[in-house]
Amino acid sequence: MSDAAWQDLLETMAACRRCPGMTSVPGVARGAPDSRVMVVGQAPAKTTGSVYLPFGNPGGGKNLFLWLADIGWDEASFRRAAYFTAVVKCYPGPNPRGKGDRPPTPWEVANCRPFLAREQALLSPRILVPVGGLAVRELLGPRPLTEVVGRVFSQGAATLIPLPHPSGASLWNNDPAHRELRRRAVSALGETLGGLGLHPRSA
Ligand code: SF4
């Protein structure tokens with residue numbers, strides 16, 4: 001991949017204002033462009049800093065890194081190894097119907113889809129990790145989380161390992177059977193990372 005193509009993509013995403021209800025978030029796509037691991041979240045959360053840190057919030061972000069700690073990966077090592085992005089690159093705002101953030105609309109997702117496709121094409125990741133129902137739908141089609149979490153898929157040259165959303169607002173994680181599926185998924189991620197020779201810095 002050329003540095004120019006990568007830089008052009010980052011600048012085009014940062015300048016995009018196609019969705020009127022969205023707030024632009026600098027830094028939603030984070031990580032080295034030569035990463036072999038691509039993590040795809042739903043959308044950036046609200047940020048108070050000048051640059052967004054994906055999964056850096058004390059809720060879902062903290063849970064995600066607790067899950068990874070179970071397979072020996074500390075947050076700093078995983079952030080070095082992975083490229084983080086999201087289905088949509090802008091903050092949708094709070095959910096007017098309850099807890100958490102507003103899910104992006106199908107129109108917003110469709111608007112942003114070419115960016116995700118271009119990231120994937122430029123990065124050619126060996127491990128793809130969609131996190132949460134929306135990201136799973138984008139990469140695997142409309143399938144229930146119970147059917148895909150805990151399983152490993154092949155997508156081109158990539159191994160795709162779906163995870164549930166780690167947000168406390170997600171009720172999916174409350175079911176013990178779902179938590180077992182999630183443990184299997186995280187364990188598969190650890191094995192796949194190790195199979196590529198990727199290990200936490202502390203290991
Ligand atoms: S969500 Fe995507 S398509 Fe919509 S304004 Fe943001 S970058 Fe552009």
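The values are calculated or read from the model by the stated rules, or taken from the named source; none is laboratory data. Predicted model only: the values in this text are computed from it and were never measured. So basically every Cβ, Gly included, is an ideal-geometry build from the backbone, and we count neighbours across all protein chains shown. Please note that ligands, DNA and RNA were not included when accessible areas were found on the heavy atoms of the full protein model with its side chains. Shrake-Rupley method; radii C 1.70, N 1.55, O 1.52, S 1.80 Å.
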Task: FRET efficiency, 1/(1 + (r/R0)^6) with R0 35 Å, evaluated for Glu147 and Asp34 via beta carbons - done: 0.60
Task: Efficiency of FRET between Gln155 and Ala15 - r from beta-carbon atoms, R0 30 angstrom, step 0.05 - done: 0.55
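If you place +1 on the Cβ of every Lys and Arg and -1 on the Cβ of every Asp and Glu, how big does the dipole about the Cα centre of the chain come out, in debye to the nearest 20?
360 debye
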Open item on the list: Are there any trypsin sites (Lys or Arg not before Pro) in region 99-159 that are in a DSSP loop and have at most 13 other Cβ atoms within 10 Å? List them by number.
Closed with: Lys99
Task: Where trypsin sites (Lys or Arg not before Pro) fall in DSSP loop in region 34-67, at most 14 other Cβ within 10 Å - done: Lys46
TODO: Calculate, in nm to one decimal, what Ser124 and Arg137 gain on full extension: separation in residues at 0.36 nm each, minus their alpha carbon distance.
DONE: 2.7 nm
TODO: Would you calculate the separation in nanometres between label points at Arg201 and Ser2, each defined as 7 Å from the Cα along the Cα-to-beta-carbon direction?
DONE: 3.3 nm
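Given the rule -39500 (n - 2.57) for each run of at least 4 DSSP H residues, summed and divided by the residues of the chain, what is its mean residue ellipticity at 222 nm, to the nearest 500 deg cm²/dmol?
On the way: 7 runs with 80 residues, N = 203.
That calculation yields -12000 deg cm²/dmol at 222 nm.
I'd like the antiparallel share, as a percent to the nearest 5, of DSSP beta bridges with both residues in the chain. Can you show the working numbers first?
Numbers: 7 of 19 bridges.
Here the share of antiparallel DSSP bridges comes out near 35 percent.
Using a 1.4 angstrom probe on heavy atoms only, work out the carbon and sulfur share of the accessible area of the chain in %. Walk me through the numbers before you get to the answer.
Values: 5350 of 9930 Å².
With neighbouring chains kept in place, the figure for the chain is 54 percent.
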Task: Gyration tensor (alpha-carbon) shape descriptor, region 35-126, a/c threshold 1.5 - done: oblate
Task: Set of lysines near Lys99 by C-alpha distance (under 19 Å), chain-local residues within fewer than 8 positions excluded - done: Lys46, Lys62
